[in-house]
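Since the structure comes first, as structure tokens, the remarks are kept for the end.
The values are calculated or read from the model by the stated rules, or taken from the named source; none is laboratory data. In this text, all values refer to a predicted model and were calculated from it rather than measured experimentally. Backbone-built Cβ (ideal geometry, glycine too); neighbour counts: all protein chains shown. These accessible areas exclude ligands, DNA and RNA; they are computed on the full protein's heavy atoms, side chains included. Shrake-Rupley method; radii C 1.70, N 1.55, O 1.52, S 1.80 Å.
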Amino acid sequence: MYAMSLGEDGAELRPLEPWQAEEFLVHMDRGREFIGRYIGLADAVADLESARAFLQGYAEKAAADTGRIHGIWTDGTLVGGVLFRTMDIKQGTAEAGCWLEPSAVGRGLVTRAARLIIDWAVEERGIHRVEWWAASANEASVAVARRLGMTREGVLRQSYSHRGERHDMEIWSVLAPEWRAGRTFS
């Protein structure tokens, strides 16, 4: 299996595969409440069977070229990840996303990892438009979109129901020419 360096701190980005379901579940258990504040991942991965099924779904998406999932490891421990929830090669669009457990917050890991997968999608897969959807209250995710040089396109008011609460969702995007021109974003 390959690993891509995320910088001098030793963090790595690697594919997340079904055989890693137990490690994925342990990671999710460590950060379940934090991760689950704004996204359904923490609720979808509740036990070993659901963890394996979630990762199997992404293995099938990868085989069909309709999605990807990668984990972020620090010091050999899975602490988060980035993904393409959707990819439509024919239309040239993809929706990127992320999650992170509390121990890894504030180190720029998601931004660094998202840069790698977006660069791959644009340069290797011909994706023209990458979207980033985030709950307006999820300031960390909104900040990542900004650091990636994305443009805020709008807010879908109370469009996402999560854990009994309705959330406004912001849509951010970057187009391939903008991505190429802005590779020096920090």
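Summary of computed values
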| item | result |
| --- | --- |
| Carbon plus sulfur fraction of accessible area for region 69-155, probe 1.4 Å, in percent | 47 percent |
| Over the chain: helical MRE at 222 nm, DSSP H runs n ≥ 4 each giving -39500 (n - 2.57), nearest 500 | -11000 deg cm²/dmol |
| Size of charge dipole - the chain - debye, nearest 20, with Cβ of Lys, Arg +1 and Asp, Glu -1, no other charges | 560 debye |
| Cβ charges +1 (Lys, Arg) and -1 (Asp, Glu), total dipole of region 1-83, debye | 220 debye |
| Charge tally in the Cβ shell below 12 Å around GLY57, where Lys, Arg are +1 and Asp, Glu are -1, GLY57 excluded | +2 |
| Accessible carbon and sulfur surface of region 1-46 relative to its total accessible area, %, 1.4 Å | 54 percent |
| Rounded accessible area per residue of region 47-97, 1.4 Å, Å² | 44 Å² |
| Accessible area (Å², per residue) of region 110-158, counting only protein heavy atoms and a probe of 1.4 Å | 49 Å² |
| Contact order relative to length of region 78-140, as percent, for alpha carbon pairs under 8 angstrom and 6 or more apart | 37 percent |
